[in-house]
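Following: one structure in structure tokens, then a few remarks.
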Amino acid sequence: MYDVVVAGGSIAGLLCAREIAEKNNTVLVIEEDYEIGTPEHCGGLVSTKGLEKLGVIPFSKTFDHLIEFATINAPNGSSFSINSKKQKVAEISRRELDKQIAHQAQKNGAVIKVRTSFQELTKDGVRTNEGEIKCKIFVDARGVSALVQKDREGILSSAQYEIYADWIKKGRVEVFFDQEKYPGFFAWIIPSGEGKGKVGVAGKGIKVSEVLEEFLEKKGKYSTIRKIFAPIWIKGPIKKFVEGKTVIVGDAAGQAKPTTSGGIYTSGMGGVLAGRAISKFLKSNNESDLEEYQKQWKKMFGEEFEKQIMARKVLERIDNNTINKLFDSITPEITKEISEKEDFDFHTGSIIKLLGLKGSVKTAQIILGGELKKLLK
């Protein structure tokens, strides 16, 4: 018998467990894989400010380096770079970050078990591959896999390889837009050091392994040390984070960014806020305390996510020719303003500037349609 069972030992589930255990409640985390932090689906980018808000000061094994530049590439090969030093974006090891948070949860009193999978809810708790466990609250932190059966329209296929290649430069992220090769998304290079990093692609209706290998062949010589294939969610938060005595957190609740599918901070805060709400409920038995979780998360991220969903609709509608024209209109003043003022965790301001929308709504509406009014509010 536990107060809470959390299914999923990723960042949201572990942070949720940490907060619940801190208030002297009993909590069990079950993870179906053989190791916390594996497989590592994530690109591993997060602001240091975001980590601090999650209550994490990364260990040396977790933190690799700060990203200094982001280079954005158009289909025709033109590009521009953003200086990201002021945004303090860290490239971290998700394997080590998840283990670090698992240790925080364990020190607070949480129990963590790997190779233990959730099967179904029961009248008194949950059934796992190791038998039935009684609990008062079930937390679903199983990631995108929990959403696949609910709404396939919000799912994109992705592939990410960890590679060694001398063309990967420490401190420089690269993003490649091409609506023909990566429809509705992009390709990326995220360094984890000099000459090593993560290279990936995602898009609608593409064979991601073939597309990624074609991308790598054009970049130059490389050696692959790990391959990960995983669905990503781009549709934003689900309608209800709390259903009866089930609380949904992280990617399972659609708390990854609709623009990039990144979610260390946004999903992590989902876990933190859910854990605090559950702790209050266990003390009061008042269901309105559980509902506070969704209200608090929406207060933090609701407006930003709505704008990101609108930005995604705009980006999905433009073709390569339009993207190339937009890149031609990006001035050094725009990139300087983004470098100095924008926030990595709340980045629709950057998208608006890069699309050249501010001050030219009439022209942009002709090209892109009515979603822009909502995006610019």
Taking a label point 7 Å from the Cα of LYS85 along Cα-to-Cβ, the residues of segment 306-348 whose backbone nitrogen sits under 13 Å from it are 339-340
Nearest 5 is fine: what % of DSSP beta bridges in the chain come out antiparallel, could you say? 70
Please report the projected area of segment 1-130's Cα convex hull averaged over all directions, in nm². 10.4
Between THR246, THR335, THR224, which gets the highest mean-square fluctuation from a Gaussian network model of the chain, Cα cutoff 10 Å? THR224
Relative to the Cα centre, what is the charge dipole magnitude of segment 2-68, using +1 at the beta carbon of each Lys and Arg, -1 at the beta carbon of each Asp and Glu, and rounding to the nearest 20 debye? 300
Could you pull the Cα extents of the chain along its three principal axes, largest to smallest, in whole Å? 61, 46, 37
About the Cα centre, and with charges only on the beta carbon of Lys, Arg (+1) and Asp, Glu (-1), how big is the dipole of segment 83-211? Nearest 20 debye, please. 480
Can you give me the Kirkwood hydrodynamic radius for segment 95-156, using every pair of distinct Cα atoms, in Å to one decimal? 14.0
For segment 47-194, what are Rg and Dmax over the alpha carbons, in angstrom? 20.0, 59
Taking neighbour Cβ counts within 10 Å as the exposure measure, how do ILE206, ILE225 sort from fewest upward? ILE225, ILE206
Point-to-point label distance, ARG317-ASN76, nm (Cα→Cβ direction, 7 Å offset): 2.3
Once every DSSP H run of n ≥ 4 in the chain is given -39500 (n - 2.57) and the sum is divided by its residues, what mean residue ellipticity at 222 nm do you get, rounded to the nearest 500 deg cm²/dmol? -11500 deg cm²/dmol
Based on the Cβ-Cβ distance from THR331 to SER145, what FRET efficiency comes out when R0 is 51 Å, to the nearest 0.05? 0.75
Taking just the alpha carbons, could you work out the radius of gyration and Dmax for segment 154-286, both in angstroms? 18.3, 60
What list do you get for TRP233, TRP167 if you sort them by fewest beta carbons within 10 Å? TRP167, TRP233
State to the nearest 20 debye the size of the charge dipole of segment 154-233 about its Cα centre, where the only charges are +1 on K and R beta carbons and -1 on D and E beta carbons. 220
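A short reminder: the numbers here are calculations on the coordinates, not readings from a lab. Every value quoted in this text rests on a predicted model; they were computed, and no experiment measured them. We place every Cβ from the backbone using ideal geometry, glycine too, and count neighbours over all the protein chains shown.
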